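The values are calculated or read from the model by the stated rules, or taken from the named source; none is laboratory data. Please read all numbers here as calculations on a predicted model, not as lab measurements. Because the Cβ atoms are built from the backbone with ideal geometry, glycine has one as well, and the counts that use them run over all protein chains shown. Quick note on the areas: whole protein, heavy atoms, side chains included, nothing else; ligands and nucleic acids left out. Shrake-Rupley method; radii C 1.70, N 1.55, O 1.52, S 1.80 Å.
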Amino acid sequence: MYQILLIDDDFELGELLQEYLGMEGFELTTRQDGESGLEAALSGDYNLVLLDVMLPKMNGFEVLKALREKSSLPVIMLTARGESVDRVLGLEHGADDYIPKPYHHHELVARIRALFRRIEISSESPEKSDNKYEVGVLKLDPSTRVATCDGVELALTGAEFGVLQCLMDHVGELVDKDSLSIAALGRPLMAYDRSIDMHVSNLRKKLGKRDDDSDWIKTVRGRGYQLVNG
């Protein structure tokens, strides 16, 4: 059974989600403030975090930033509907996905299952995980979930790792955003969804520049992205 941590100060919502997600086969633990939520998230006891933005003691962005310094645990941000700035900030700080509040419970479950499906696919494909990717000084090992650039290990989130692996699997080719979203988030891209754009932006920053001062990832406007070969 997957263990999910909800960090949200809405006590009633926590009780409702605990019951609903329990019926869906998940076990939910709740924390009502950022400090205790961060401590729980770093305990190693959970498979996924649902993280609200507005929290006492530490807000959601502070929790996420501190979590990402030590862990790549999958995180879905819970953002206010219409607050696109919160979504962008959440993704910039390392969230894997986001869902705007208020949301239907079945929509949240769909997002959760999508992320777990991506994790399961990446861990249950031994024939794929045996393949090590190498593009110039950029290397990726699916079996250990480690990527390095010029010998330096990259601190990637699960979503960023999924994007990079998909691009390296199709090096030199255009990869559309839907394919990247399925590889990184386990779901097709939604309308007006900038998740993949933000994950690629974060990935660019972590990869740095190539020897010729160009980017590793080329944008094909309106179509997708391409990892430069060599």
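Let me confirm something: among Leu167, Leu156, which residue is modelled with pLDDT of 95 or more and either touching a helix residue (DSSP H, G or I) at 6+ places or on another chain (Cβ under 8 Å) or open to solvent by 70 Å² or more (accessible area, probe 1.4 Å) (or both)? Don't jump to the end; show me each part of the working.
Working: Leu156 fails: modelled with pLDDT of 95 or more.
Checking each option against the conditions leaves just Leu167.
Condition check ((1) open to solvent by 60 Å² or more (accessible area, probe 1.4 Å); (2) in a loop (DSSP other than H, G, I, E, B); (3) polar (S, T, N, Q)) across all residues:
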residue: Leu6; (1), (2), (3): no, no, no
residue: Asp9; (1), (2), (3): yes, yes, no
residue: Glu19; (1), (2), (3): yes, no, no
residue: Gly25; (1), (2), (3): no, yes, no
residue: Val49; (1), (2), (3): no, no, no
residue: Pro56; (1), (2), (3): no, yes, no
residue: Val63; (1), (2), (3): no, no, no
residue: Leu67; (1), (2), (3): no, no, no
residue: Ser71; (1), (2), (3): no, yes, yes
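Given the options Asp130, Asp150, name the one that is in contact with a Pro (Cβ under 9 Å, 6 or more places away or on another chain) and either at pLDDT below 95 or over 19 Å from Val220 (Cβ atoms) (or both). Even if it seems obvious, please write down each step before you answer.
Details: Asp150 fails: in contact with a Pro (Cβ under 9 Å, 6 or more places away or on another chain).
That would be Asp130, the only listed residue that is in contact with a Pro (Cβ under 9 Å, 6 or more places away or on another chain) and either at pLDDT below 95 or over 19 Å from Val220 (Cβ atoms) (or both).
Please go through the stretch 70-82 and give me each residue that is within 17 Å of Phe161 (Cβ to Cβ) and either free of Cβ contacts under 8 Å to residues at least 40 places away in the same chain or not small (Gly, Ala, Ser) (or both), ordered by number. It would help to see each step written out before you state the result.
Going residue by residue through the stretch 70-82, those that are within 17 Å of Phe161 (Cβ to Cβ) are 70-76.
The answer is Lys70, Ser71, Leu73, Pro74, Val75, Ile76.
Cβ contacts < 7 Å: first residue over 25 Å from Glu69 (Cα atoms), restricted to the stretch 151-180; second residue open to solvent by 40 Å² or more (accessible area, probe 1.4 Å) and of a type in the set (A, V, I, L, M, F, W, C), any location; separation 6+ or different chain. Result?
These pairs meet every condition: Lys177/Leu189; Asp178/Leu189.
Would you check which residues across the stretch 209-230 are in a loop (DSSP other than H, G, I, E, B) and modelled with pLDDT of 95 or more and list them?
Going through the stretch 209-230, the residues in a loop (DSSP other than H, G, I, E, B) turn out to be 210-214, 216, 221-223, 228-230.
Listed by number, the list holds a single entry, Trp216.
Could you tell me whether the stretch 100-108 includes any residue that is touching a Ser or Thr at 6+ places or on another chain (Cβ under 9 Å), in a helix (DSSP H, G or I) and either modelled with pLDDT of 90 or more or farther than 26 Å from Thr29 by Cβ (or both)? Walk me through how you get there before you give the answer.
Of all residues in the stretch 100-108, those touching a Ser or Thr at 6+ places or on another chain (Cβ under 9 Å) come to 100-101.
Then drop every residue that is not in a helix (DSSP H, G or I), which leaves none.
Scanning the stretch 100-108 turns up no residue that is touching a Ser or Thr at 6+ places or on another chain (Cβ under 9 Å), in a helix (DSSP H, G or I) and either modelled with pLDDT of 90 or more or farther than 26 Å from Thr29 by Cβ (or both).
Which of the residues that make up the stretch 80-111 are open to solvent by less than 60 Å² (accessible area, probe 1.4 Å), within 16 Å of the chain's Cα centre (by Cα) and among the acidic types (Asp, Glu)?
Across the stretch 80-111, the qualifying residues are Asp86, Asp96, Asp97.
Please state which of the following conditions Gly172 fails to meet, knowing it meets all the rest: (1) open to solvent by less than 40 Å² (accessible area, probe 1.4 Å); (2) assigned to a loop (DSSP other than H, G, I, E, B); (3) within 21 Å of Arg113 (Cα to Cα).
(3)
Going by what's in this entry, would Asp45 be described as over 19 Å from Met198 (Cβ atoms) and in contact with a Pro (Cβ under 8 Å, 6 or more places away or on another chain)?
Values: over 19 Å from Met198 (Cβ atoms): yes; in contact with a Pro (Cβ under 8 Å, 6 or more places away or on another chain): no.
No; evaluated as a whole, the condition is false for this residue.
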